[in-house]
Protein chains: 2
Amino acid sequence: MTPPPLKLDDHLCFSIYAAAHAFNRLYKPVLDDLGLTYPQYLTMVALWQEDGQRVSSIGEKLYLESSTLTPLLKRLEAAGLVTRERDRADERQVLIRLTDTGRALQDRAGAVPACVLNTSGMSIAELQALNREVQALRRALDRSAA
Amino acid sequence: MTPPPLKLDDHLCFSIYAAAHAFNRLYKPVLDDLGLTYPQYLTMVALWQEDGQRVSSIGEKLYLESSTLTPLLKRLEAAGLVTRERDRADERQVLIRLTDTGRALQDRAGAVPACVLNTSGMSIAELQALNREVQALRRALDRSAA
DNA sequence: CATTTTTATATCGCGCACAATTAAATCGTA
DNA sequence: TACGATTTAATTGTGCGCGATATAAAAATG
């Protein structure tokens, strides 16, 4: 009486994994226009929301480790979008701040979420509802991991 | 009258992206036990469902390119789970077949989807319903990309 | 005040993930 | 048969993403 083996399409994890790739492909031309990768875009969104954050603060919001963020932030710095500066009060911390160029990029960044609305054929309400469901799933998966 | 800038949590793409990472973290200990990474697990699921596929056939099912699959399949071959053999009828094609070890691994692989049920606190019906919604989202995003 | 522990970021190694390119085999059509 | 177009997989280069570890600063401890 072993349970029947799950097929690919029965895996919720796979539909999530595949949807993440689909978003990446959809965003690719728009993000190329901004000169950003997708994780870089998320980092900029976090900084537009609150400037002058520490590396670990960004990591907590994006659920990413410093081993991922440090090189990513160096690339954003090389692109002239952010500055990386040690906090004088606590030299362990590195403060990430937007440059004028980085701040200005926000004006063009609305094209990213906009293209989801255009191409998915789903309404804002539908997208918001699904967003809440997936957020609840993530929280449920994270709870056990803690 | 520019639209207000979207915050991180307003992004459906981000909840999907973060949920994919959460699955990875949840699966990590179980997959370590099987000696597989997550994309390797998906590849094995595809082969358990249908043995003897070409590289491109696996790629179509997982939405992955040969540049991703070729090294991944070589690692599965090195682990003794699959064989890679050129089709004699058409030497361009490489047929991927399960070894006895690879087939046998399926018996222990049920632990992977099982741990979602255990830790998410969601019912099978809820997980299936969300799966269908996310699948529909992926299809909607893919349609425009074609 | 010296030692230990904790905290914050950086480094390294491995495995994806994809775009662009290459190389080889097959097919289509003259 | 010839030969350009197509198909199939492999290769290369860039950028994540994380675990393990290193380094340095700050805080806690005695």
- Task: Could you grab me the full set of residues in region B:4-42 that are part of a loop (DSSP other than H, G, I, E, B), buried (at least 17 other Cβ atoms within 10 Å of the Cβ) and within 13 Å of DNA strand C (Cβ to nearest atom)?
- Result: B:36, B:37
- For region B:63-79, enumerate the residues that are open to solvent by 30 Å² or more (accessible area, probe 1.4 Å) and not charged (D, E, K, R). B:63, B:66, B:67, B:68, B:70, B:71, B:78, B:79
- Message: When the residues of region A:43-62 are narrowed to those that are free of Cβ contacts under 8 Å to residues at least 24 places away in the same chain and either open to solvent by less than 20 Å² (accessible area, probe 1.4 Å) or in a loop (DSSP other than H, G, I, E, B) (or both), which ends up farthest from the other protein chains (Cβ to nearest Cβ)?
- Response: A:59
- Message: Tell me which helices (runs of 4 or more DSSP H) are completely within region A:72-146 and hold 3 or more residues being within 25 Å of residue B:134 (Cβ to Cβ) and more than 8 Å from every other protein chain (Cβ to nearest Cβ), or say none if there are none.
- Response: A:111-120, A:124-145
- Message: Out of the residues in region B:88-128 meeting the condition of being in contact (Cβ under 8 Å) with a residue 12 or more places away in the chain and open to solvent by 40 Å² or more (accessible area, probe 1.4 Å), tell me which one is nearest to residue B:45 (Cα to Cα).
- Response: B:106
- Item | Qualifying residue in region B:3-23 (condition: more than 8 Å from chain A (Cβ to nearest Cβ) and more than 23 Å from residue B:61 (Cα to Cα)) | yes
- For residue A:56, state whether it is closer than 20 Å to residue B:21 by Cβ, hydroxyl-bearing (Ser, Thr, Tyr) and more than 9 Å from DNA strand D (Cβ to nearest atom). yes
- Message: I need a count of the residues in region B:21-74 that are under 19 Å from residue A:141 (Cβ atoms) and not aliphatic (A, V, I, L, M).
- Response: 13
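The values are calculated or read from the model by the stated rules, or taken from the named source; none is laboratory data. Keep in mind that this is a model prediction, so the values were computed, not measured. When we count neighbours, we look across all protein chains shown, and the Cβ atoms used for this are built from the backbone with ideal geometry, even at glycine. Ligands, DNA and RNA are stripped out before the accessible areas are found, and what is left, the full protein with its side chains, is counted by its heavy atoms. Shrake-Rupley method; radii C 1.70, N 1.55, O 1.52, S 1.80 Å.
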